[in-house]
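Please read the structure below before turning to the comments.
The values are calculated or read from the model by the stated rules, or taken from the named source; none is laboratory data. As the structure is a prediction and not an experimental result, all values here were calculated from the model. With ideal geometry, Cβ positions are generated from the backbone for all residues, glycine too; neighbour counts draw on all protein chains shown.
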Amino acid sequence: MTNDSIPSTRLAPPVGGFEEIDGRRIYVHRCGSGGPAVVFLAGAGAVGLDYFGVQQEVSRFTTAVVYDRGGTGYSDPLPLPRTAAAVATELRDLLRAQHIAAPYVLAPHSLGGFYAFRFAQLYPRDVAGLVWLDALHRDWDEHMPPDAGLGAMERTAPDPDRLDALRPALHEMNTELLAAYPERIQRSLIDAKASDDWIRAGLAERATLTPLAAELRTGPGLPDVPVVALTVLGDESAAMPEQASRQVHDGKRTLDAALVSAVSRGEQRILTDTFHHRLCFDRPDAVVRAIRDVVDRSARPLDSARS
């Protein structure tokens, strides 16, 4: 892994470095030691270093890894969107190249849930546990009203012109969210998130949510590993009618309840004091505690956990 020879047209990360996978540089930052390693899978429009704060806390008790999928963040560009299988395979290759031993605890947020689910389908023995950070699920449409379905998310994604008008508000939001981060990381992320490349990548990843869910439905369910799902039900009624907000909350509650009931050691924890995009910034304590619990439970044999 190296930070050397970064092309001038690509942004240089403030920490971490690169691993070459299939001839492309994938950004990765790891800290801590021990296992099972915890791997954060970012949402659309987010990048690995958005989870830097919780990564630092997790690194106090095990190895913690953040990275950028190919075509996003500090990683080399490539055509987007991609299949979930391509993203999952890339992640496995990256972890092996980094000599980070399996199995792993995956901590997906938002869109990262699709990729974590596919990873678990393809490589079940490489998964020690899952921490579901208000993440998307293949059965999303079965629990949500049509106006909040995956197709609606694709259609309502802002176009580049509207995003351009939103840049000042996005800059203000990112400045506030990242205020507690070290200055070098904060400054790099705030500038990079305003770049055309990063904005386009976030939009492109949101373009095929329905096909991603369909891809996951062709495979099995999750392996029987410890799972903690953090379901965010903050009051966002100002952004939608009250009845619609209630339907979305009910859908998320039942969706994550079904997710954790599908395994022997599943637990749902509902949070009402934050919002989807703010989870790891407002409630890092809840995120780190969930990860710690899954790490601890993964070390216990299934029979002893049941007793």
- Task: Could you list all residues from the stretch 169-190 that are more than 19 Å from HIS277 (Cβ to Cβ) and surrounded by fewer than 18 Cβ atoms within 10 Å (Cβ to Cβ)?
- Result: PRO182, GLU183, ARG184, ARG187
- Within the stretch 266-293, how many residues are of a type in the set (Val, Ile, Thr) and part of a loop (DSSP other than H, G, I, E, B)? 2
- Kindly check whether there is at least one residue in the stretch 229-238 that is in a helix (DSSP H, G or I) and free of Cβ contacts under 8 Å to residues at least 40 places away in the same chain. yes
- Message: Going through ARG253, ARG246 one at a time, which residue ends up being over 17 Å from the mean Cα position of the chain (by Cα), of a type outside the set (A, V, I, L, M, F, W, C) and either at pLDDT 95 or above or not in a helix (DSSP H, G or I) (or both)?
- Response: ARG253
- Checked the stretch 98-132 for anything among the hydroxyl-bearing types (Ser, Thr, Tyr), in contact with a Gly (Cβ under 9 Å, 6 or more places away or on another chain) and farther than 23 Å from GLY34 by Cβ; matches are SER110
- Note on the structure: Among (1) at pLDDT 90 or above; (2) assigned to a helix (DSSP H, G or I), ARG167 falls short only on (1)
- Message: Name the residue that is nearest to TYR74 (Cα to Cα), counting only residues in the stretch 195-210 that are hydrophobic (A, V, I, L, M, F, W, C) and either part of a helix (DSSP H, G or I) or touching a Gly at 6+ places or on another chain (Cβ under 7 Å) (or both).
- Response: TRP198
- strands (runs of 3 or more DSSP E) enclosed by the stretch 13-129 - at least 2 residues per element that are crowded, with 24+ Cβ neighbours inside 10 Å and touching a helix residue (DSSP H, G or I) at 6+ places or on another chain (Cβ under 8 Å): 24-31, 38-41, 64-67, 104-108
